[in-house]
Amino acid sequence: MQGAKIMIVEDEREIADLMKDYLEAEQFEVVLCEDGEQALRLFRQLSPHLAILDIMLPKLDGMELCRMIRAESQIPIIILSAKKTDSDKIVGLGLGADDYVVKPFSPSEVVARVKAQLRRSNQLSRPPGPTDVIVCRDLVIHLKAYEVTVRNSPVHFSAKEFEVLRFLARHPNQVFTREQIFADVWGYDQYGDMNTITVHIKKIREKIEADPANPVYLKTVWGIGYKLDGSGR
């Protein structure tokens, strides 16, 4: 991971410089941007390995910037925000962000999340094993292509939605806690927000279930966690 290029988009210079110092101490290359338009331009020019985006930005806000980057790239995206409501988090993750950090935060927390996201990204770029398709009744997951079809129709997933679904599909009928899912998909748990799992489960259900309120695939086991029901009943 050393030498990976990190783009920080933050108009509060003190915060940006502090994160830059911590990341450079870990041998990352850091690019700073103060507004969304500059960030989009530099993203296209420099092809960073990961982006850290504040929500409240001049010229182009962080949510729109996240959407535009995700339309062009699958690099990990971490959103920073002073907003603490679940609705803001749902919007950010729904636009394709991989993680969401609420201000104020510890710079070491951000470094830990950056390392975890890059580690996961590197793992996913490796060639998969001999089994590259998972089939669960009419749910088909293509590991190499990052594609999912449901009832013979293609369904678009964000990277993290795909990884959550893939993790559960690899262990059909096995119940996992939110902490276990988070640790596997995000690669860390020390700073994890378990509501992130709830958001992703909700969005996956909306895409694979005929009736998300009464799921037949992605089921909740109350008091424990979630499982992918291989029987589909």
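The values are calculated or read from the model by the stated rules, or taken from the named source; none is laboratory data. Just so you know, these numbers come straight off a predicted model, no measurement behind them. Areas reflect the complete protein model, heavy atoms only, side chains present, ligands, DNA and RNA absent. Shrake-Rupley method; radii C 1.70, N 1.55, O 1.52, S 1.80 Å.
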* When the accessible area of segment 5-124 is split by element with a 1.4 Å probe, what percent falls to carbon and sulfur? -> 49
* **Cα-based Kirkwood hydrodynamic radius, the chain, one decimal, Å** => 18.4
* To do: Given a cut-off of 28 Å, name the pairs among K144/K227; K115/K219; K160/K227 whose C-alpha atoms lie farther apart than that in the structure shown.
  => K115/K219
* Structure fact -> In degrees, nearest 10, the alpha-carbon axis of helix 159-169 is tilted away from the dominant principal axis of the alpha carbons of the chain by 30
* Asked: With every protein chain present, what accessible area does D35 have (1.4 Å probe, heavy atoms only), rounded to the nearest 10 Å²?
  -> 20
* the chain - share of DSSP beta bridges that are antiparallel (%, nearest 5) -> 50
* To do: Keeping all protein chains in place, calculate the accessible area per residue for segment 5-124 (probe 1.4 angstrom), answer in Å².
  => 43
* Asked: Heavy-atom accessible area of I52 with all protein chains present, probe 1.4 Å, nearest 10 Å²?
  -> 0
* Structure fact -> Taking protein heavy atoms only, a 1.4 Å probe, and rounding to whole percent, the accessible area of segment 133-228 owed to carbon and sulfur comes out at 49
* Accessible area of H200 in the full protein assembly, 1.4 Å probe (Å², nearest 10) -> 0
* Debye intensity ratio I(q)/I(0), log10, segment 5-124, q values 0.10, 0.15, 0.23 Å⁻¹ (C-alpha model) -> -0.25, -0.58, -1.56
* **Cα point-scatterer Debye curve for segment 147-225, base-10 log of I(q)/I(0) at q = 0.15, 0.20, 0.24 Å⁻¹** => -0.51, -0.91, -1.30
* Which value in deg cm²/dmol, rounded to the nearest 500, describes the helix-derived mean residue ellipticity at 222 nm for the chain, given -39,500 (n - 2.57) per DSSP H run of n ≥ 4 and division by the residue count? -> -13000 deg cm²/dmol
* Against the longest alpha carbon principal axis of the chain, how many degrees, from 0 to 90 and to the nearest 10, is the axis of helix 62-72 turned? -> 60
